[in-house]
1. If I filter segment 375-409 down to residues being open to solvent by 20 Å² or more (accessible area, probe 1.4 Å) and in a strand (DSSP E or B), which single residue comes out as farthest from residue 341 (Cα to Cα)?
2. Considering every residue within segment 701-714, establish whether at least one is open to solvent by 50 Å² or more (accessible area, probe 1.4 Å) and either modelled with pLDDT of 95 or more or not acidic (Asp, Glu) (or both).
3. Could you tell me how many of the residues in segment 712-729 are under 12 Å from residue 569 (Cβ atoms) and within 20 Å of the chain's Cα centre (by Cα)?
4. All but one of (1) in contact (Cβ under 8 Å) with a residue 60 or more places away in the chain; (2) over 30 Å from residue 295 (Cβ atoms); (3) not β-branched (Val, Ile, Thr) hold for residue 419; state the number of the condition that does not hold.
5. Can you pull out the residues in segment 646-666 that are buried (at least 22 other Cβ atoms within 10 Å of the Cβ) and either modelled with pLDDT under 95 or not in a loop (DSSP other than H, G, I, E, B) (or both)?
6. Of the numbered conditions (1) at pLDDT 80 or above; (2) loosely packed, with under 15 Cβ neighbours inside 10 Å; (3) of a type in the set (Val, Ile, Thr); (4) part of a loop (DSSP other than H, G, I, E, B), residue 598 fails exactly one; give the number of that condition.
7. Scan 345, 301 and give me the residue that is part of a helix (DSSP H, G or I), open to solvent by 80 Å² or more (accessible area, probe 1.4 Å) and closer than 30 Å to residue 266 by Cβ.
8. Looking at (1) touching a helix residue (DSSP H, G or I) at 6+ places or on another chain (Cβ under 7 Å); (2) under 30 Å from residue 332 (Cα atoms); (3) of a type in the set (Lys, Arg), can you tell me which one residue 395 breaks?
Amino acid sequence: MSLFIRLALIFAGLLALGILCAVLGFFGVRAYYEPQLPSVASLHEIKLGVPLRVYSQDGQLIGEFGAERREPLHYDQIPPRVVQAFLAAEDDRFFEHPGVDLQGLLRASVVLATTGEKRQGGSTITMQLARNVFLSPERSFTRKIKEILLALKIERELSKQQILELYLNRIFLGNRAYGVGAAAQVYFGKDVKQLTLGEMATLAGLPKAPSRDNPIADPRRAQDRRDYVLRRMHELRYVPDDAYKLALAEPITAHEHAPPVQLEASYIAEMVRAEMVAKYGEAAYTDGYSVTTTIDSARQQAATAALRAGILAYDERHGYRGAEAKLPAELLDQLASDPNGEEIQAQLEARPQAAGLLPGVVLEWTPERLSVLTADNTVEVAKTGFEWARLSDKKPLHRGDIVRLMHADNGWRLAQLPAVEGALIALNPTDGAVQALVGGYDFFLGEYNRATQARRQPGSGFKPFLYTAALSKGYTPASVFLDAPVVFVNAETDDEWRPGNYEGKFNGPMRLREALAESRNLVSIRVLQAVGIDYAVDFAARFGLPKERLPKELSLALGSASLSPWEMARGYAVFANGGFLINPYFIQSIHGADGREIFKAQPKLACPACDTPAEPATPPQPTSAEDELKAEVAAEDSRSAPTAPPAAPAATVPEADRAPRTIGADLDYLITSMMHEVVTRGTGAAVRALGRDDLAGKTGTTNDFTDAWFNGYNPSLVAVSWVGFDQPASLGHGEVGARAALPIWMDFMKAALKGVPQQVLPRPPGVVQVPINPANGRLLTAGAPGAIMEVVQADHVPPADDGTTALGSQPTGTDIY
């Protein structure tokens, strides 16, 4: 046997031995490591980290929260060209290899050895999926072995399409985007099916270095990578020549797109986020929860617009505070040579973003015109757009000043970031569902939610709670109290308190209805004295007001408590719904990532129709001429009173689902009739412009015009508006609730009640309408000259007028409290 043959046999034997050792070694390694590998089935169990999404009642997105942006897609929802782009970039033999591509590893090694470039890695898509989902990022021989074995295992148990679906949904593509669905939204603001070929290639080029090479961080590197992917697609005959050339010519247009919020309601979205984190912890951000709120999108838009308009109107009334900032001196020359240069644009981008208020640089100001450079173009503002600012040679604008503009119906208008703030909340008084909530001018100027967090003095807005307490004590809207000066002296300190009325005048004896309509402070103090402070505090707590924040002193009559708009809205909802205490809520339902409902609100409902009708009382036999008069008036009233609709059966709302009654229907009817007087001829008379007869409410103003409120309602909607500074300070003389807060409430209610039929709760059996002497509140006979009609409790009809007090004269004696 020749030497050559012997050597060949030796080599063959060694080769066979090597192969045998390799096979044995492979199976030995597999036997050792495979028990350590995770189950492939768990791939489907691993949650994708889908963010929390918050929606309005009618399905409009109002917020998205989560560290990761994901839009999971099924394989048939992913365009074939997207699949081809990723195959060309990462693994063009994906449909041919069993999970590990020996040919690809060899090719990558040759390219690396000959060019020094790692243009296409040896890892297959299946290996990347194994590594990204199950394995640590460490670089070690052990991890690589596990990666290969796991890839082979995945390929044995899943189809190629299942593997691609998992990979294309899980791959990190930069800027918090995981998966092609999310990346299409983040970089291009599109659904994945709307991407151009160039955009698809851009995304396919990201897995190699998503943070460094993405088109936002480095457009040039992203374009180089995109062009490489397109070239590979062309070489693999995935795209024809003309499509390839067109895609290469596409510019890189990517920029970060925020989640496509459809309704501006950031304050309520943040409330939901906080509630969900409290309920589910950090999983709230990743488990794909979908929350439907009680927010009505049309009413929310109306609330946002009304509050902003009211705040800006106040700001204009109090004058222009001057330019917000100035360009650095070194940039002034650039305004002429390169106004759109990066440095000037950077100055504008650095200004706080505020809804509807665009920052701009003054190019020129004259008494007749204002020219301003914005981020988009140069804007000319007519004189009518800045005359409110009272600019002059002594108070001018200079070239280079940074100002704000807003777009009004008649063109551009000079504006400024508001210094004052406000809030508006509206809810359904039947169940407490929050219909609209705005906690400030713009959430992104500060997340402080004044609708829920601001505890401010309600001023005269507290008086209806006090007056209802008086009605429960047997006083009536016809009861007369004295509106006259009073001095209180602290026995320990000798300090004096001299409360007064807003305009400093006194009307003498007044009926409670008049006093509430005109918001007479001194009458309110005497009412509180009459009912007792402890009783008044306990009674106010029936409206859900926290007792610990109701001071047990006479200033309570003037609204010295500390209450939020949320709490005031809950309190006024009792008036609106007929006397029931409801709990405001804002989450209607919660669904899991699989679409299954896991929570649904079950609020307690106000149900006036569910009250068991009382047996008609047997009228007492008259024992005097006065009793005969009362009986005659009551009988006449019962004949002339409108017939109330028949009560719904008690089963209308199951007893377990009913909100608790907190005040009687008679008290509720009386105080609502008194607050209707407020909005027809009292401090809120401007409400008449809305042309509705079913509205009631109360203005509120605190000391030194620090807080301005309006609290109002009809049976289907209660709304509260507040205006003030975050750090309490005077709003300025004359900035009462009727001026600063009421216009906001009216603008909102005009839109919110559009198309809603008028509705008034029927007069309950315990209330009668009687003729009274307007001067002393005493009972007159029907048809008596000068008599006016008043509603009172049936068991507290005023005493008969004995004729000693002429109409128009001042009553005396025990008639006055």
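The values are calculated or read from the model by the stated rules, or taken from the named source; none is laboratory data. Since we're looking at a predicted model, the values are computed, not measured. All Cβ positions, glycine included, derive from the backbone under ideal geometry; neighbour counts span all protein chains shown. Side chains are part of the model used for accessible areas, which takes the heavy atoms of the whole protein and leaves out ligands, DNA and RNA. Shrake-Rupley method; radii C 1.70, N 1.55, O 1.52, S 1.80 Å.
1. 408
2. First pass over segment 701-714, keeping only residues open to solvent by 50 Å² or more (accessible area, probe 1.4 Å): 703-704.
This time we only want the ones that are either modelled with pLDDT of 95 or more or not acidic (Asp, Glu) (or both), so: 703.
Yes: one or more hits.
3. Of the residues in segment 712-729, 6 are under 12 Å from residue 569 (Cβ atoms) and within 20 Å of the chain's Cα centre (by Cα).
4. For residue 419, the failing item is (2).
5. Answer for segment 646-666, where residues must be buried (at least 22 other Cβ atoms within 10 Å of the Cβ) and either modelled with pLDDT under 95 or not in a loop (DSSP other than H, G, I, E, B) (or both): just 666.
6. Status for residue 598: all satisfied but (4).
7. The unique qualifying residue is 301.
8. (1)
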